[in-house]
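Below is a structure I'd like to ask you about.
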Amino acid sequence: MAQVRDGFQSRFGFVLAAAGAAVGLGNIWGFPTQAANHGGGAFLLVYFIVIFILALPALYTELYLGHKAQANPVKALGDAWQNTNRKVGAAAGYIGLAGAVVMLSFYSIVAGWMLSYAIEPVTTFLGFTSASEFLHSDSVMRNFIFTPLMLILTASIILKGVKSGIETWSRRLMPLLLVLLVGLIIYIATLEGASEGFAAYLIPDFSQILDPNLIIAAMGQAFFSLSLGVGCMMIYGSYLQPDASLPKLTASVALLDTSVAFLAGLLIVPAIYVAQHNGVEVFNDGKLIGEGQLIFAILPELFSTMGEIGLLVGLLFFVLMSIASVTSTISSTEIPVAFLVENHAVSRTKATWFVSAVVLVCASVIILNFDWLFGLVIMLFTQYQLPLMGLFYFITVGWMWQRGNKLHQATTGVHYWFAQYIRFVCPILMTLVFANVAFG
């Protein structure tokens, strides 16, 4: 007997959940420093253009595959390739599953750091010095406490299903994330040095606008910031009602995700300049320091220069980062869980705990071999799997999937030209992104 599939109850709930999946740590620590280091407003302008010409079609393609199949990526891609070779599509789905588990393995570790940094201001305020030092440490023990905590937190949401778990919590967490972001921007804007940061971020250096490095960086960032190529959007697309308007929903998700990335820049770049004003070293070879060093060195150092208000600002900032982590981990966990439930008739409860256990084992291997494995896993995932899977989706929708593919059947009008764009232009753009991130 076929089970009735769980799904999103409202368009608003879907948009918040899908944007939550896309709004990850890359938006909040990657996007701002990329912008500041590539001509400020010039990067923003190119980024917005690239969202339109590459990321929107990629997002639509991934959602469309899931929505039409009403199934997880293994079945969805297998169905799309049934006219040529079903096994090729299914194999790509399995690669996506493996990628989701790998992503969760390193993402849960980083999410655990965010949680420990969020708790640290509280222990400092209460005078628990040794606890604060432990929470700030890079110890294996800290990783083995906070990584499972994040996995349990994620599992508790996934266990409740799509409507009661993912949609309900996205409706709570995403507005809270936006409120925290705007509140922190307003506070940072009042500090000395912030105006220089706003200028660096917003005022375009048009001499850089045609720089190939800037354009490719914007293409890569646009693709990664929408969390494309993992299957998250495919699984969320499959939970939409069959009559849902995909073009409108695609635009709404991209708009919300891009808005969060833009707001993150309004917070992070001025904060870096405030830190510099307070004597913290923020430049390395003329470039703003980004990624891990920014989040776990520069910003905590900035918060410590603010006195007691710095404890509150630090707490709010890392709560914000923790929310961004959780909204991403729930979408990635749902991919293998849905596969086990639908393809192997495993109960959602068993599937959730099994996936969480597998991820914990993989994360433990990374923690115990951190120095060489962590960076390697992230490199393989972001530089190879994501762009190659994105390219595969374009080829699938543009060339391989015929039966039931409305884009293939269109012979005139907007649908026809959009289909040609996905067939010919998008694979070339995606190949450029892959060549740059893999070999650039």
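Could you check which residue among Leu312, Leu97, Leu181 shows the biggest mean-square fluctuation in a GNM of the chain with a 10 Å Cα cutoff?
Leu312
Report the rotationally averaged projected area of segment 164-255 based on its alpha-carbon convex hull, in square nanometres. Don't jump to the answer; show the numbers that get you there.
Details: hull surface 35.5 nm².
That works out to 8.9 nm².
If you take the Cα Rg of segment 290-351 and divide it by 2.2 N^0.38 Å, with N the number of residues, what do you get?
Here the answer is 1.76, to two decimals.
Could you check how much of the accessible area of the chain is carbon and sulfur, as a whole percent, using a 1.4 Å probe?
Values: 12030 of 17950 Å².
Carbon and sulfur atoms account for 67 percent of the accessible area of the chain.
Report the label-to-label distance for Ser259 and Asp243 in nanometres (one decimal), using points 7 Å from each Cα along the Cα→Cβ vector.
That separation, rounded to one decimal, is 2.7 nm.
I would also like to ask the following. Mind giving me the nanometre distance, one decimal, between the label points for Leu368 and Asp285, set 7 Å out from Cα along Cα→Cβ?
Computed distance between label sites Leu368 and Asp285 equals 3.5 nm.
Over the Cα atoms, compute the radius of gyration (one decimal) and Dmax (the largest Cα-Cα distance, rounded to a whole number) for segment 319-405, in Å.
16.6, 48
Work through the residues other than Tyr94 whose Cβ is under 15 Å from its Cβ and net out their charges, Lys, Arg +1 and Asp, Glu -1.
+1
Over segment 350-396, how many percent of alpha carbon pairs lie in each 10 Å bin up to the one with the longest distance?
Calculated over all Cα pairs of segment 350-396, the distribution is 24, 31, 34, 10 percent.
To continue, here is another question. When you take every Cα atom in segment 85-241, what is the radius of gyration, and what is Dmax, the widest Cα pair distance, in Å?
Radius of gyration, then largest Cα-Cα span, for segment 85-241: 20.6, 63 Å.
Further question: Expressed as a fraction of 2.2 N^0.38 Å, the rule-of-thumb size for a compact globular protein of N residues, what is the C-alpha radius of gyration of segment 37-150?
Cα Rg divided by the expected 2.2 N^0.38 Å: 1.62.
Grab the Cα-Cα distance for Phe128 and Leu376, subtract it from 0.36 nm times how many residues apart they are, and report the gain in nm with one decimal.
Result: 85.7 nm gained on full extension.
Right, another one. Holding the Cα-Cα limit at 22 Å, pick out from Lys163/Lys350; Lys68/Lys248; Lys248/Lys406; Lys160/Lys406; Lys68/Lys350; Lys68/Lys163 the pairs that are longer than that. Spell out each step's value before the answer.
On the way: Lys163/Lys350 19 Å; Lys68/Lys248 16 Å; Lys248/Lys406 17 Å; Lys160/Lys406 34 Å; Lys68/Lys350 27 Å; Lys68/Lys163 20 Å.
Flagged as over cut-off: Lys160/Lys406; Lys68/Lys350.
Taking segment 293-440 on its own, what percent of its Cα-Cα pair distances exceed 29 Å? Intermediate values should be presented prior to the final figure.
Numbers: 5189 of 10878 pairs.
Distances greater than 29 Å cover 48 percent of the Cα pairs.
While we're on this one: Which angle from 0 to 90°, rounded to the nearest 10, does the C-alpha axis of helix 386-395 make with the longest principal axis of the chain?
It works out to around 30 degrees.
Now for a separate question. With each label point set 7 Å from Cα along the Cα-Cβ vector, what nm distance links Tyr94 and Asn278?
Simple spin-label model gives 5.2 nm for this pair.
Running a GNM on the chain with Cα contacts under 10 Å, which residue among Thr168, Thr190, Thr327 ends up with the highest mean-square fluctuation?
Maximum fluctuation in the GNM of the chain, among the listed residues, is at Thr190.
Name the residue from Leu380, Val355, Met103 whose Cα lies farthest towards the positive end of the charge dipole of the chain, charges +1 on Cβ of Lys and Arg and -1 on Cβ of Asp and Glu.
Comparing the listed Cα positions along the dipole, Val355 ranks first.
Of Gln293, Gln221, Gln276, which has the largest mean-square fluctuation in a 10 Å C-alpha GNM of the chain?
Gln293
Further, regarding this structure: Given (1) 21.2, 66; (2) 22.9, 77; (3) 21.4, 70, which label gives Rg and Dmax of the Cα atoms in Å as computed from the coordinates?
Working out Rg and Dmax of the Cα atoms in Å from the coordinates points to (3).
Quick one, can you get me the convex hull of the C-alpha atoms of segment 218-347 expressed as volume per residue in Å³?
Per residue, the Cα convex hull of segment 218-347 comes to 149 Å³.
When the chain is fully extended, how far beyond the present Cα-Cα distance does Phe439 get from Glu196, taking 0.36 nm per residue of separation?
So the extension gain works out to 84.1 nm.
Kindly report the accessible area of segment 301-390 per residue (heavy atoms of protein chains, probe 1.4 Å, no ligands, DNA or RNA), in Å².
41 Å²
With a probe of 1.4 Å, find how much accessible area segment 1-138 has per residue, and write the answer as a whole number in Å². Intermediate values should be presented prior to the final figure.
Working: 5060 Å² over 138 residues.
Averaged over the residues of segment 1-138, the accessible area is 37 Å².
The values are calculated or read from the model by the stated rules, or taken from the named source; none is laboratory data. If you're wondering where the values come from, they're calculated on a predicted model, not measured in any experiment. Every residue, glycine as well, gets a Cβ built from its backbone with ideal geometry; the counts of neighbours run over all protein chains shown. Please note that ligands, DNA and RNA were not included when accessible areas were found on the heavy atoms of the full protein model with its side chains. Shrake-Rupley method; radii C 1.70, N 1.55, O 1.52, S 1.80 Å.
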